[in-house]
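All remarks here apply to the structure that follows.
The values are calculated or read from the model by the stated rules, or taken from the named source; none is laboratory data. What you are looking at is a predicted structure, and each value in this text was computed from that prediction instead of being measured. Backbone-built Cβ (ideal geometry, glycine too); neighbour counts: all protein chains shown. Areas reflect the complete protein model, heavy atoms only, side chains present, ligands, DNA and RNA absent. Shrake-Rupley method; radii C 1.70, N 1.55, O 1.52, S 1.80 Å.
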Amino acid sequence: MNIQVALDRLTREECFQILEKTGPYVDWIEVGTGVIKEYGMPIIREIRERYPDQIIVADMKTCDAGIHEAIQAFDAGADITTVMAFSADKTIKDTLEVAEKHGKRVMIDLLGVSENKRVQEIQELGVSLVSLHIGKDMQETGAGTDNLFHLIQGISGLETAVAGGITLETLPSIVEKRPDTVIIGSAITKATDPAEAARAMKGLIRK
């Protein structure tokens, strides 16, 4: 099970400070949407230069212009780019084709999806990696990730990531469901000691 650290709502300097501290405990690096909007493709390139062997996820949240945005992400050094599940099927297929040409991957973000049927549809398009996701705004209403797993019930062959306000306290219930990747943001990036927070989470996953 991978830990994907989500670098979001951070300055460039904070991003690199966190990566330096958490490196031994993190498997995938996510360059969050807010960071991409602030700093653009150059920050993905810089992270790639500093961490040439890490898996880098560009959280582009693409919902249109799939070819262009996928090329942007992959040319900058990302291994995975994200596309919203509510996008047109053509947008999803276009990004999958670009990913195949580049030897890269697409993660479909299920934010806002409420029906298992849509997950089946995107799998039929060729999708193999999805993210079960409770957004920041909905987290403030008390919504959690536990109720998302019904979206993949009865569907086999999908690699699954889970995101949305995951903490050391809520992590055990998620680990029980055996996702492939847990995406952790503020519980690491806003911790007093990011290295210790990441170490504790990695230790829990390895139990």
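General observations
- Qualifying positions in region 157-207 - touching a residue at least 12 places away in the same chain (Cβ under 8 Å) and polar (S, T, N, Q): 160, 167, 170, 173, 181, 186, 189
- Every residue from region 59-86 that is touching a Ser or Thr at 6+ places or on another chain (Cβ under 7 Å), closer than 23 Å to residue 118 by Cα and among the small types (Gly, Ala, Ser): 66, 70
Residue-wise test of (1) over 17 Å from the mean Cα position of the chain (by Cα); (2) assigned to a strand (DSSP E or B); (3) modelled with pLDDT of 95 or more; (4) surrounded by fewer than 18 Cβ atoms within 10 Å (Cβ to Cβ).
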{"residue": "6", "(1), (2), (3), (4)": "no, yes, yes, no"}
{"residue": "15", "(1), (2), (3), (4)": "no, no, yes, no"}
{"residue": "37", "(1), (2), (3), (4)": "no, no, yes, yes"}
{"residue": "46", "(1), (2), (3), (4)": "yes, no, yes, yes"}
{"residue": "52", "(1), (2), (3), (4)": "yes, no, yes, yes"}
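- When region 148-186 is filtered for residues that are closer than 23 Å to residue 115 by Cβ, open to solvent by less than 20 Å² (accessible area, probe 1.4 Å) and assigned to a loop (DSSP other than H, G, I, E, B), the ones remaining, listed by number, are 164, 179.
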